[in-house]
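Step one of this worksheet: look at the structure below.
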Amino acid sequence: MSGPLHTQLCDKLGIEYPVVAFTHCKDVAVAVINAGGFAVLGEAMHTPDQIAADIKWIRDRIGGKPFGIDLVLPASVPEEKTVEELLAMIPRTHWDFEQKIKDKYEVPAPKEVPNLHQWGGLDHKRALAQLDVVFDERVPVFASGLGSPQFLLDRAHQLGMQVWGLVGKPRQAKKQVDAGTDVIIAQGYDAAGHTGNIGTFSIVPQVVDIARGSKTAVIAAGGVTTGRHLAAALALGAAGVWTGSLWLASRESDVNLQLKERLIECETDDTMYSNCISGYTMRTTRCPWHDEWNSDAAPEVLKPPLQMMLSANYIQGSLDYQRKDLMTEAAGQGIHYVTEMKPARQIISDLVDEAFDVFDRFAAD
Amino acid sequence: MSSTASQPTDAGISGFGVDPAMKGRRAECDGGQHIAGTKLSGRQDFAGTLTGDYRDYGPYPWRWYLMAELTVKPAGYQFEAVWCDSGSLVLSDE
């Protein structure tokens, strides 16, 4: 197959369209793969047994097509502390402010108290155990959502697996290209969650330049929600796009209905790049928690993981009772174009059709 | 520079020691990690001087270096040192 949408990524994966869905929902992953795209399932918060079960579930439904698993490898780790020690580090003033927010917005208490014993941090043992499953299962693509996958390249390649790395800085891309990473996901500031501070239009061509002459393909991430974004990414030299927010409100997505409605209502400036959720800066949809922490009355945001421990009850309570007015979710600036709950196959089709229209228009001029 | 590395107690460690070639090297670390209990992650940047202490994890091995005398660290970071994945380190005195 040829044409403007047939790229190096299509050849690497044997897929029809150079569209990668990053999702935490197995149903979305399967739907995208069966519609001609590619999907990477985020499994960072799952145990090795859960990851193995998810891999089997997907394999049973995609007829031998490739898929990916994403884990977040730690890149820096401070000394560990116990949960009790961490809780004791949160000042009284901050607990009082949290309570004030809950009172003001009538935030319900979570049905189950978030398991704070998981909150001390992610150790190497857990990451290694997760990786063991990915290797044992010979998952076609392993994607590292944060840390460098450099150390596992040899083993993965020996097993016939591809290794992808997500970067937010050109120098991270340089290291990964030199190491032989198969695909670099160049993620711009527009993206959901833990982005770098370089915009998508600026980082993608830089990473493409770095990868030129190597076997590494580059795909663009951050704010990609339309066929015009796909066409623009290919014009910048990318071999495809990495999309996340695009699937949150899809028909197959397991995001709860109230939150899907909230996401559909969101405009670009409803996404906030803030550290008030976790102490790390990340892009999430605006909610009263953001507003209050941006107010003059707010104390200083705490360092990780303390701020996340402080926000945990608010977030869980909003989800447990489906309070759309309180909910927040990691979402990128492209959320403006997520306007209805479409099936994943329709989303792929719309994306591809619009990209073809763009190329047809240029060809006709 | 004296080592601030504590004795490793993590059973996942497959090796540890001091690499003289890395001791005293200035470096930057594009760090961060998964936020346990959530699907979120966060980035953190550090700069400082490597003590030379290293730890290896797993069979690959996955090598980590200890960075101290931190000149760049996240606001509120309360520790004097940070362990950094070697793949996320950039030596700044090369």
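The values are calculated or read from the model by the stated rules, or taken from the named source; none is laboratory data. Quantities reported herein were computed from a predicted structural model and do not represent experimental measurements. Cβ coordinates were reconstructed from backbone atoms using ideal geometry, including for glycine residues, and neighbour counts include every protein chain displayed.
Contact annotation: residue pairs with Cβ atoms under 8 Å, 6 or more positions apart or on different chains, pairing a residue in region A:120-134 that is farther than 21 Å from A:L159 by Cβ with a partner that is part of a helix (DSSP H, G or I) and at pLDDT below 80, are A:G120/A:V83.
Being without any contact (Cβ under 8 Å) to a residue 24 or more places away in the chain and not aliphatic (A, V, I, L, M) holds for only one residue in A:E300, A:E340, and it is A:E300. Go through the residues of region A:185-202 one by one and say whether even a single one is crowded, with 24+ Cβ neighbours inside 10 Å, modelled with pLDDT of 95 or more, in the same structural domain as A:G14 (by TED's automatic domain parsing) and assigned to a helix (DSSP H, G or I). Checked against the condition, which is being crowded, with 24+ Cβ neighbours inside 10 Å, modelled with pLDDT of 95 or more, in the same structural domain as A:G14 (by TED's automatic domain parsing) and assigned to a helix (DSSP H, G or I), region A:185-202 yields at least one hit. Across region A:270-281, the number of residues qualifying as in a strand (DSSP E or B) and touching a helix residue (DSSP H, G or I) at 6+ places or on another chain (Cβ under 9 Å) comes to 3. What about A:S295, is it outside any loop (DSSP other than H, G, I, E, B) and more than 9 Å from chain B (Cβ to nearest Cβ)? Here the answer is no, as A:S295 does not meet what is asked. Residue count for region B:25-44 satisfying the condition of being within 9 Å of chain A (Cβ to nearest Cβ) and either in contact with a helix residue (DSSP H, G or I) (Cβ under 6 Å, 6 or more places away or on another chain) or touching a residue at least 12 places away in the same chain (Cβ under 8 Å) (or both): 10. For region A:344-365, residues that are more than 14 Å from A:L230 (Cβ to Cβ) and surrounded by 14 or more Cβ atoms within 10 Å (Cβ to Cβ) total 3. Taken over region B:63-83, the criterion of being in contact with a Lys or Arg (Cβ under 9 Å, 6 or more places away or on another chain) and facing another protein chain (nearest Cβ under 10 Å) is satisfied by B:R63, B:W64, B:P74, B:A75, B:G76, B:Y77, B:Q78, B:F79, B:V82, B:W83. For region A:348-362, indicate whether the set of residues that are without any contact (Cβ under 8 Å) to a residue 40 or more places away in the chain, among the basic types (K, R), closer than 29 Å to A:G37 by Cβ and away from chain B (no Cβ under 14 Å) is non-empty. Checked against the condition, which is being without any contact (Cβ under 8 Å) to a residue 40 or more places away in the chain, among the basic types (K, R), closer than 29 Å to A:G37 by Cβ and away from chain B (no Cβ under 14 Å), region A:348-362 yields at least one hit. Filtered by the rule that a residue be part of a helix (DSSP H, G or I) and under 21 Å from the mean Cα position of the chain (by Cα), region A:282-292 gives a lone residue, A:H290. The set of residues in region A:207-238 being surrounded by 22 or more Cβ atoms within 10 Å (Cβ to Cβ) and part of a loop (DSSP other than H, G, I, E, B) consists of A:T216, A:G222, A:G223, A:V224, A:T225, A:A238.
Taking each residue of region A:34-50 that is of a type in the set (A, V, I, L, M) and looking for partners that are outside any loop (DSSP other than H, G, I, E, B) and surrounded by fewer than 22 Cβ atoms within 10 Å (Cβ to Cβ) with beta-carbon atoms closer than 6 Å, six or more apart or interchain, yields A:A35/A:R345.
Of all residues in region A:50-100, those that are part of a helix (DSSP H, G or I), among the aromatic types (F, W, Y) and over 21 Å from A:K303 (Cβ atoms) total 1. Counting the residues of region B:1-52 that are under 20 Å from A:S274 (Cβ atoms) and modelled with pLDDT of 80 or more gives 13.
When A:A192 is tested against (1) farther than 24 Å from A:D270 by Cβ; (2) in contact (Cβ under 8 Å) with a residue 24 or more places away in the chain; (3) within 11 Å of chain B (Cβ to nearest Cβ); (4) touching an Asp or Glu at 6+ places or on another chain (Cβ under 9 Å), only condition (1) is not met.
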